[in-house]
1. Hey, does segment 25-33 have a residue that's loosely packed, with under 10 Cβ neighbours inside 10 Å, at positive phi and free of Cβ contacts under 8 Å to residues at least 24 places away in the same chain?
2. Those residues that are in a loop (DSSP other than H, G, I, E, B), of a type outside the set (Asp, Glu) and surrounded by 15 or more Cβ atoms within 10 Å (Cβ to Cβ), I need them from segment 171-202; list them, please.
3. Could you pull out the residue among VAL100, VAL85 that is surrounded by 15 or more Cβ atoms within 10 Å (Cβ to Cβ) and among the hydrophobic types (A, V, I, L, M, F, W, C)?
4. Can you tell me how many residues in segment 99-139 are free of Cβ contacts under 8 Å to residues at least 24 places away in the same chain and touching an Asp or Glu at 6+ places or on another chain (Cβ under 8 Å)?
5. Can we say HIS11 is part of a loop (DSSP other than H, G, I, E, B) and either out of contact with any Ser or Thr (no Cβ under 8 Å at 6 or more places or on another chain) or at pLDDT below 85 (or both)?
6. Which pairs have Cβ atoms under 9 Å, sit 6 or more apart or on different chains, and link a residue in segment 221-232 that is touching a residue at least 60 places away in the same chain (Cβ under 8 Å) and within 16 Å of ALA109 (Cα to Cα) to one that is of a type in the set (Ser, Thr, Tyr) and in a loop (DSSP other than H, G, I, E, B)?
7. Residue check, PRO99 against (1) at pLDDT 95 or above; (2) under 15 Å from the mean Cα position of the chain (by Cα), all met but one. Which one?
8. Limited to segment 121-170, what total is found for residues that are assigned to a loop (DSSP other than H, G, I, E, B) and within 18 Å of the chain's Cα centre (by Cα)?
Amino acid sequence: MICRGLMLSVHRAGHIELPPVKRVLHNPLADRRRPHPVEVDRTPIDSSLKELGPLTFRQVRRTPQEALFNWMLESEHYLKFAHPVGENLKFMVFAGLRPVALFAWSSAARHLAPRDNYLGWSPELRRERICLVAYNTRYLVPSWVKVPHLASHLLARMTGMLSEEWDKLYGHGVYFAETFVDTTRHRGTCYRAANWIFMGRTTGRGKNDLTHRPNRTVKDVLGFPLRKDFRKQLLETC
């Protein structure tokens, strides 16, 4: 399987020419079903943050509300729903009974030069400590929620509880968070308002690149320390 994957990558990069495909086999891992539609109350919420009332965070992975989470991402987020990789958490934020925001977190990208340079990681330290970094894969405030300053407010609260919530499920906390911002669509205003740090930009080539040429949008790489001693924890060897 490893050799086949390598040959396909070299073929797609134009370095070799493979014979035509004779038959296509079903791959259940690659052919995952999209989330099923779930009824959602889309009545507009247009108020101030104070008028919105108490906000409740719920970790919904492996709960009955996970289907609603997946469908809201599929129907509202421009990147759609994606099956998470590795360790992951899913949070919904409720105002009363209505969801007003979603956070998806997963294992961090293994190779990310702006982050590694910012943290001062060597390749060896990155391999040992990468499990202590969380990646914010999706952040959604639905289109029907119009509440000024809500996005940055929730982001600050989310990062304040993330390490403890990660420890509940996986037996270890996380010390640093990272995300990508596609500046052709967004400015990352809520992240910057919540004091996330600009660490650099991606190369626009993707993790499986063999051509060394940009093939996707260049993105800002932002990071946020989740603990005061994050550098000490992330620079210690196991």
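The values are calculated or read from the model by the stated rules, or taken from the named source; none is laboratory data. On a predicted model such as this, the values are computed, not experimentally measured, just so you know. Heads up, the Cβs are rebuilt from the backbone with ideal geometry, glycines too, and the neighbour counts pull from every protein chain shown.
1. no
2. Of segment 171-202, the ones in a loop (DSSP other than H, G, I, E, B) are 171-175, 182-188, 194-196, 202.
Filter once more, keeping what is of a type outside the set (Asp, Glu): 171-175, 183-188, 194-196, 202.
Passing the criteria: GLY173, VAL174, TYR175, GLY188, ALA194, TRP196, THR202.
3. Details: VAL85 fails: surrounded by 15 or more Cβ atoms within 10 Å (Cβ to Cβ).
Selected residue: VAL100, the only one of VAL100, VAL85 that is surrounded by 15 or more Cβ atoms within 10 Å (Cβ to Cβ) and among the hydrophobic types (A, V, I, L, M, F, W, C).
4. Qualifying residue count, segment 99-139: 1.
5. Details: part of a loop (DSSP other than H, G, I, E, B): no; either out of contact with any Ser or Thr (no Cβ under 8 Å at 6 or more places or on another chain) or at pLDDT below 85 (or both): yes.
In short, no.
6. That search, which allows pairs on different chains as well, returns VAL221/THR202.
7. Looking at each condition in turn, PRO99 falls short on (2).
8. At the first step, the residues of segment 121-170 found to be assigned to a loop (DSSP other than H, G, I, E, B) are 121-122, 141-144, 147-149.
Cutting the leftovers down to within 18 Å of the chain's Cα centre (by Cα) gives us 141-142.
The number of residues fulfilling the criteria is 2.
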